[in-house]
1. Could you list, in sequence order, the residues of the stretch 132-148 that are over 13 Å from Phe61 (Cα atoms) and crowded, with 19+ Cβ neighbours inside 10 Å?
2. Among the residues of the stretch 144-157, is any assigned to a loop (DSSP other than H, G, I, E, B) and in contact with a Phe, Trp or Tyr (Cβ under 8 Å, 6 or more places away or on another chain)?
3. Might you check whether a residue that is touching a residue at least 60 places away in the same chain (Cβ under 8 Å), among the acidic types (Asp, Glu) and out of contact with any Lys or Arg (no Cβ under 9 Å at 6 or more places or on another chain) occurs anywhere in the stretch 54-66?
4. With the stretch 22-114 as the region, which helices (runs of 4 or more DSSP H) entirely inside it contain at least 2 residues that are under 17 Å from Ala154 (Cβ atoms) and not small (Gly, Ala, Ser)?
5. Kindly provide the set of residues from the stretch 115-140 that are among the aliphatic types (A, V, I, L, M), in contact with a helix residue (DSSP H, G or I) (Cβ under 8 Å, 6 or more places away or on another chain) and either farther than 19 Å from Gly65 by Cα or assigned to a helix (DSSP H, G or I) (or both), ordered by number.
6. Aliphatic (A, V, I, L, M), in contact (Cβ under 8 Å) with a residue 40 or more places away in the chain, under 23 Å from Gly60 (Cα atoms) and part of a helix (DSSP H, G or I): does that describe Ala16?
7. Which number in (1) surrounded by 11 or more Cβ atoms within 10 Å (Cβ to Cβ); (2) of a type in the set (Ser, Thr, Tyr); (3) free of Cβ contacts under 8 Å to residues at least 60 places away in the same chain marks the one condition that Ser73 misses?
8. Mind checking whether some residue in the stretch 112-121 is within 30 Å of Ile85 (Cβ to Cβ), at pLDDT 95 or above and of a type outside the set (Phe, Trp, Tyr)?
Amino acid sequence: MRAFLNALYRLAGGLAAACLVTIATLVVIQVSCRLIDGFRKLIGLEPLGLLVPSLAEIAGFLLVGASFLALASTLRMGDHIRVSILLQHVSAPVARAFEVWCLGVALVLVGFFTWHAGWMVNDSYVYNEVSFGIIPIPLWVPQLVMTTGLAVFAISILDDFLCALRGRPVSYQAADLSDAIEGVE
């Protein structure tokens with residue numbers, strides 16, 4: 001099961017990276033098209049009107065995908081911002097209780113958001129909602145990516161919650177220990 005979960009977290013992180021690469025590629029294409037049109041105008045030819053239609057919308061959807069798909073892998077790597085000052089100044093059993101409580105609250109909140117995001121996807125699909133750009137993109141597609149990222153994040157929080165309940169170190173604590181930069185004085 002551990003291998004499957006780690007592969008799921010890596011896959012979501014890889015898809016997030018692919019979203020960012022796609023954004024960069026589309027922007028480079030758009031800039032190249034503008035340069036070609038500008039050069040044609042400069043030498044006296046008519047610009048071709050080259051562009052990537054709905055680039056702003058597509059880039060926005062891809063950014064949402066990258067942000068939500070990266071949640072689980074960044075949690076696992078210990079890269080989420082955590083305020084752990086209190087945990088450093090209490091006994092180990094109290095710190096463990098706080099950790100379990102925080103993960104439980106996070107699990108409830110992320111589960112709530114995932115559930116409602118899933119309903120939003122369903123509504124967008126049922127009512128055939130599309131974006132307003134040049135290319136009418138069905139809204140359920142980017143919403144499904146967001147919901148998938150939230151679901152994987154909920155699974156990763158549940159994974160850490162169960163580890164914390166069993167008294168095992170959670171993923172982000174183990175990642176913090178292996179980080180070469182953290183703790184260097």
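1. Answer for the stretch 132-148, where residues must be over 13 Å from Phe61 (Cα atoms) and crowded, with 19+ Cβ neighbours inside 10 Å: just Thr148.
2. No, because not a single residue in the stretch 144-157 is assigned to a loop (DSSP other than H, G, I, E, B) and in contact with a Phe, Trp or Tyr (Cβ under 8 Å, 6 or more places away or on another chain).
3. The answer is yes; a qualifying residue exists.
4. 55-69, 71-76
5. Ala117, Met120, Val121
6. The answer is yes for Ala16.
7. (3)
8. yes
The values are calculated or read from the model by the stated rules, or taken from the named source; none is laboratory data. None of the values given here were measured: they were computed from a predicted structure. In this analysis, Cβ positions are derived from the backbone assuming ideal geometry, glycine residues included, and neighbour counts consider all displayed protein chains.
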